[in-house]
Each structure stands twice: as C-alpha cells, then as structure tokens.
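Novice: Have a look at this one before I ask anything.
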C-alpha cells in the first residue's frame, strides 16, 4: 500500500510545482500590498477616504481585506483537485488496467488513495499556516487566528469536495473526471445556496451584496470548527461508501 501512495505522490509532482509557484506569488503580492497599506499608495488612499476627499463606496483597507483573504486561499485552492488528478494519472499511464492484479484488496487501494489525499491537503495546510504566521506580522487587518481560520476552512472545503468526488468516481464509474468535478461543484453550490438563501435574498433586497461576502469571510475566519466537523463526517461517509461500492463493483484504482 505504501508503494501506491508513493506512486500517487510522484504522479502529482506537476501539481506540487504549481502549488509552489502559486504560494510564492501569492505571498509576494500580499506582502507588497500590506506594505503599501502601511507606507504606500494604499495608506495614502485610506487617509484620503477617511478625510472625505474621495467618493469611493468602500474603504481601501476594506478592499485590501477582501484581496488578502483571496490570496491566502489561492495556494490551497491550487491543490484542491489532487484526487481527480491522481485518477487521471492512473488512466493516462495505463495503471488502472493492471491495478486489479496487485496483491492488495480493493479496500487497501481505496485506503491508499484517501491517505494520498490527506497528505497533499495536509502538506498544503501546514505550509499555508506557516505563511499565515509570516503575513500576520505585516498587518493588523487580520490576526493570525483570522488567517488560520481561513486556511482551516479552505482545507475542510477541499476535503469535502474530494469526498464527494471519491463517491462519484466509484458510483458512476466516470471515465471523464471533468464530469466528476462539475457534479461535485454543483452539489456544493446547491448546498451553499440552500443554507444561505435567506441571507442572499436579504442582501439583494438591501442592495448590499458585499455584506454577504463579508459575512461569508467572517464565517470562514471564526466558524472554521463547523467546517472541520462537516469535513470529518463527509470523509468517514465517503470512505465507507466508496469502499463498499468499489468492492461490489470490483472497481479499479
């Protein structure tokens, strides 16, 4: 089983290269923006806004808060598709055709794929938390707790997304992983709309769509434990359902 995990990690080397590039780029851009908010153009724009010398509808620092939140989440988003990429690598290399000949049970092969998913997401989370600590030294817009909340919430959403993908791959026997991605995204979008429909309607009536975005970011920062718990439940359900389906269908992995 360890060999399967190593194989998966080796096949995801390109994704790791993209992760490093996105992480470094996001960090550099964010640090430059935060420095500007202290002694640069953003700081000057904020002073002008507070003095009433501009008709900007939103404070430049508030806009920067949105931007920093997005930049913090970009690195983790770049590894959010590791599961389907691993399945695609098996298909492209022809490994899927010989997986059944391995002296491993279907359950062990499914377990190895879940471990790969945990390793990639876990590594991304640790690195993002380390970067969050560094970023928190440059700004008072967000505390380390705010940064950490965003990272943990994003990691939880990625794991929920991957849990849905795993079930769909075995349940529907999809050869094209693009369909798996689209259906998983639609399910998560539908769940979000269903849980936030009342707030969305109120935001539209109040002509305040940015308020909904702000509430969403504050939820990610401060209520991350809810998403962590949801991710744990989804992963447990996904593991047992995926294993059961794969064993019944003798799915190749």
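The values are calculated or read from the model by the stated rules, or taken from the named source; none is laboratory data. A quick note: this is a predicted structure, and the numbers were derived from the prediction, not measured. Virtual Cβ from ideal backbone geometry, glycine too; neighbours counted across all protein chains shown.
Novice: Assuming residue 119 fulfils every condition listed in (1) outside any helix (DSSP H, G or I); (2) within 21 Å of residue 232 (Cβ to Cβ) apart from one, which condition is it?
Specialist: The single condition residue 119 does not satisfy is (1).
Novice: Quick check: anything in the stretch 173-186 at pLDDT below 80, surrounded by 13 or more Cβ atoms within 10 Å (Cβ to Cβ) and either in contact with a strand residue (DSSP E or B) (Cβ under 7 Å, 6 or more places away or on another chain) or in a loop (DSSP other than H, G, I, E, B) (or both)? If you could, list the steps in order and put the result at the bottom.
Specialist: The first filter runs over the stretch 173-186 and keeps only residues at pLDDT below 80, leaving 173-178.
Right, trim to surrounded by 13 or more Cβ atoms within 10 Å (Cβ to Cβ) and you get 174, 177.
Subset that is either in contact with a strand residue (DSSP E or B) (Cβ under 7 Å, 6 or more places away or on another chain) or in a loop (DSSP other than H, G, I, E, B) (or both): 174.
For the stretch 173-186, residues at pLDDT below 80, surrounded by 13 or more Cβ atoms within 10 Å (Cβ to Cβ) and either in contact with a strand residue (DSSP E or B) (Cβ under 7 Å, 6 or more places away or on another chain) or in a loop (DSSP other than H, G, I, E, B) (or both): present.
Novice: Let me ask something else about it. Considering each of 170, 133 in turn, give the residue that is touching a residue at least 12 places away in the same chain (Cβ under 8 Å), surrounded by 17 or more Cβ atoms within 10 Å (Cβ to Cβ) and either under 24 Å from residue 225 (Cα atoms) or out of contact with any strand residue (DSSP E or B) (no Cβ under 8 Å at 6 or more places or on another chain) (or both).
Specialist: On the way: 133 fails: surrounded by 17 or more Cβ atoms within 10 Å (Cβ to Cβ).
So the residue among 170, 133 that is touching a residue at least 12 places away in the same chain (Cβ under 8 Å), surrounded by 17 or more Cβ atoms within 10 Å (Cβ to Cβ) and either under 24 Å from residue 225 (Cα atoms) or out of contact with any strand residue (DSSP E or B) (no Cβ under 8 Å at 6 or more places or on another chain) (or both) is 170.
Novice: Considering only the stretch 1-105, give the helices (runs of 4 or more DSSP H) lying wholly within it that have at least 1 residues that are more than 29 Å from the chain's Cα centre (by Cα) and at pLDDT below 80. So that I can check it myself, show each step before the final result.
Specialist: Numbers: elements: 2-11, 13-39, 41-50, 60-77, 82-93.
Helices (runs of 4 or more DSSP H) meeting the threshold: 13-39, 41-50.
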